[in-house]
Structures are given as structure tokens and as C-alpha cells.
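Trainee: Would you mind keeping the following structure in view while I ask a few things?
The values are calculated or read from the model by the stated rules, or taken from the named source; none is laboratory data. Here the structure is a predicted model, which is why all the values come from computation and not from measurement. Using ideal geometry, Cβ is built from the backbone for each residue, glycine included, and neighbour counts are taken over all protein chains shown.
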Amino acid sequence: MSFEQIRLDKHEGIALLTLYRPDRMNAFTGEMMQEIITALDECDADDGVRAVIFTGHGEKAYCAGADLGAGAATFDYDKRADKQALLPDGTPASPIGEDGTINWSHPLIRDGGGRVSMRIFEAKKPVLGAINGAAVGIGATMTLSMDARLASDNARYGFVFARRGIVPEAASSWFLPRLVGIQTALDWCYSGRLIPAAEAHEKGLVQSVHTQGELVDAAIAKARELTGDSAPVSVALTRHMMWRMLGAPHPMSAHRWDSRVIFARGRSPDAAEGVTSFLEKRAPNFTASVANDYPAFGEFEDAPPYS
């Protein structure tokens, strides 16, 4: 599929998704949101893709945040024609009724950045960020549900929402404290100050820092390290198990899920191949397909409690 505001290039198991709005510092729009979601759907369905890497076009910005071209109405979505144009046919143009009540289930209420973060969260392939410059607002928060973030030495993060009169979005109130701790998350979000790559690395938001010329290659090398010798279906399941267990109320939840998932995988050809290849001292040849053999994850969710 062709895209207007992103580029998707696949090569030797890696999909490079580039935010591409050269004239707007790759600023985020509703169209970009939809294209990112479509691209991730495509990558999940393509067994030739083992990992996805996000980056931005150019050397100045990964993503400068929401496009502010609408001026003061930027975040007043029911007043924006471009947002209303994305509504399904027959949907009221505004979530606000004639009596002033708000329909909280109206599509315009839903945060577009959150739709991207949640789609990354649901991805069946590891997702990495090669943050090549300014990552501000949604440019910062969309990266939080990725599995790793590598940054260029000129990268700057900015959780600038309070400075714009709004609040953090894209489920960042869930992700950011889990990555850097509550005190750092509050510091960054209260102040809205720009965070240099070195500080982001020190606080654990960024895994490593590189020069511009080395950044994407380093991200590709990391993606290959994560996926090269592992069963794709096992990686997909592990990704979902780890992320979901961050919010589990008790380790028994993990025990129930572990028990079901490892039982299901233990019966698969991949498990036999993993053991056999190890004993025969050769590289494994995993044949299970993420597109076709990934189990319905919901079947593990109603696991009964153990005494």
C-alpha cells in the first residue's frame, strides 16, 4: 500500500516506518495516525517482517508533536473540519448535544495519539524507536509503548502538554511512570521542559545514544539481536505477556497465563524444533507463523485461579 505521510520499507526481516512530513518536522495528523495503524496491521500480517523500527525523516525531528496548523482550535476537536472528516458516515459532527451534554462515546472524544500507542501495544512484532531528533508531545508519548528506544545525540524529548494547556495523552500516564519512575515522570510532565538524549538515557527512557549516521543501523542491529534466533510466535506471545503483566494485581495472574501459554506452545512444532536444534548444535528452523498460528490471546484470559 502507498502512504502519504509515512514511508514503509521492508528489508531482510526489518520494516522501517519513517514519519514523513518534511515541511512540518514530521508533525502528527489524523491521516498519519491512520497510516501508522494500517502499516502496523500490514507488518503483523507479513511473516517476512520480524521487527518494526520507527524513525523520522531528516536529522532535525523525529516528530514535532501535533500539527498546530489549526491554531487555537488545535485541540478543540469538534471545531476542526479535518477531524470531522474522519468520522464514520452518519455520526453526529459533535459530541456535544444541543443541551450541552457530552456524549463520551463519540469517536471525536477518543485520543488519536492513544490509538497509535494502543496499536503499538497490541503489535505482534517487536517495535523499536530510532529517535533521530526532537520528539515532542505525541512525538514523545507514541514511543512509550515501544520495546526499546534508541536516540541520536541531538534528540530531545518534550512532554510539553501542561505548557499547551492540556494534559499528557497516548496512555502516557500508564507507560511513562513504569519506564522512568513516578518522580521523573512528574518532573518532566509538570515542567514541560526539553529533555536531552543524555538525560533520557540516564533515566532509562532511552536504551542507547548514537550519532545520526549510526542511529538506524544500531536500531536494525538491535532488532536482529532481539529476533534472529527466536521463534516468531514465541516472541509475539512474550511481548503481550510482559506488557500485560505490568498491570497485573498479583503474580498469580502471571502464573495462570504462563501455565496456559507454555502448555499451548509446548505442543507446537516450534518447541520440538527448539530443543532438537539445541541438542544437534545447529540453528533452529521455526515454522510457526505469526499471521496464521498465533493463538487467540483471549483464550488465556479466563484462566481459573489456582489454590
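Trainee: Restricting segment 186-238 to residues that are hydrophobic (A, V, I, L, M, F, W, C) and assigned to a loop (DSSP other than H, G, I, E, B), which is farthest from R149 (Cα to Cα)?
Mentor: That would be A231.
Trainee: Cβ-Cβ distance below 9 Å, separation of 6 or more or different chains: which pairs start in segment 280-294 with a residue that is assigned to a helix (DSSP H, G or I) and end on one that is among the aromatic types (F, W, Y)?
Mentor: none
Trainee: Select from segment 206-218 the residues that are under 19 Å from the mean Cα position of the chain (by Cα) and in contact (Cβ under 8 Å) with a residue 60 or more places away in the chain and list them in ascending order. First the steps, then the outcome.
Mentor: Going through segment 206-218, the residues under 19 Å from the mean Cα position of the chain (by Cα) turn out to be 206-208, 215-216, 218.
V206, L215, V216, A218, listed by residue number.
Trainee: Condition first: of a type in the set (V, I, T) and over 21 Å from K125 (Cα atoms). Now tell me which residues in segment 241-261 satisfy that.
Mentor: Kept after step one, since they are of a type in the set (V, I, T), are these residues of segment 241-261: 261.
Scanning segment 241-261 gives no hits.
Trainee: Moving on to the next point. Hey, can you tell me all the residues within segment 153-179 that are modelled with pLDDT of 95 or more, under 20 Å from V116 (Cβ atoms) and in a helix (DSSP H, G or I)?
Mentor: Across segment 153-179, the qualifying residues are F161, S172, S173, W174, F175, L176, P177, R178, L179.
Trainee: Let me ask you something else. Considering only segment 147-172, state which residues are polar (S, T, N, Q) and more than 24 Å from P126 (Cβ to Cβ).
Mentor: Matches in segment 147-172: N154 only.
Trainee: Here is a further query. Among the residues of segment 20-59, count how many are in contact with a strand residue (DSSP E or B) (Cβ under 9 Å, 6 or more places away or on another chain), at pLDDT 95 or above and in a loop (DSSP other than H, G, I, E, B).
Mentor: Total satisfying the criteria: 10.
Trainee: Would you mind stating whether E169 is more than 30 Å from D293 (Cα to Cα), acidic (D, E) and surrounded by 19 or more Cβ atoms within 10 Å (Cβ to Cβ)?
Mentor: Taking the combined requirement at face value, the residue satisfies it.
Trainee: On the given criteria, is R7 surrounded by 22 or more Cβ atoms within 10 Å (Cβ to Cβ), among the basic types (K, R) and modelled with pLDDT of 95 or more?
Mentor: The answer is no for R7.
Residue-by-condition table, conditions (1) under 17 Å from D41 (Cα atoms); (2) part of a loop (DSSP other than H, G, I, E, B); (3) in contact (Cβ under 8 Å) with a residue 12 or more places away in the chain:
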residue: S105; (1), (2), (3): no, yes, no
residue: R119; (1), (2), (3): yes, no, yes
residue: K125; (1), (2), (3): yes, yes, yes
residue: A130; (1), (2), (3): no, no, yes
residue: A135; (1), (2), (3): no, no, yes
residue: A140; (1), (2), (3): no, no, yes
residue: S145; (1), (2), (3): yes, yes, yes
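Trainee: Shifting gears a bit: Looking at this structure, is I120 within 25 Å of A248 (Cα to Cα) and not charged (D, E, K, R)?
Mentor: Judged against the criteria, I120 is a match.
Trainee: While we're on this one: Inside segment 77-122, can you point out the residues that are hydrophobic (A, V, I, L, M, F, W, C) and either modelled with pLDDT of 80 or more or under 30 Å from A51 (Cα atoms) (or both)?
Mentor: Those that are hydrophobic (A, V, I, L, M, F, W, C) and either modelled with pLDDT of 80 or more or under 30 Å from A51 (Cα atoms) (or both): L86, I96, I102, W104, V116, M118, I120, F121.
Trainee: Name every residue in segment 251-307 that is modelled with pLDDT under 95, aliphatic (A, V, I, L, M) and closer than 14 Å to T238 by Cβ, in order of residue number.
Mentor: Within segment 251-307, A254, V261, I262, A264 meet the criteria.
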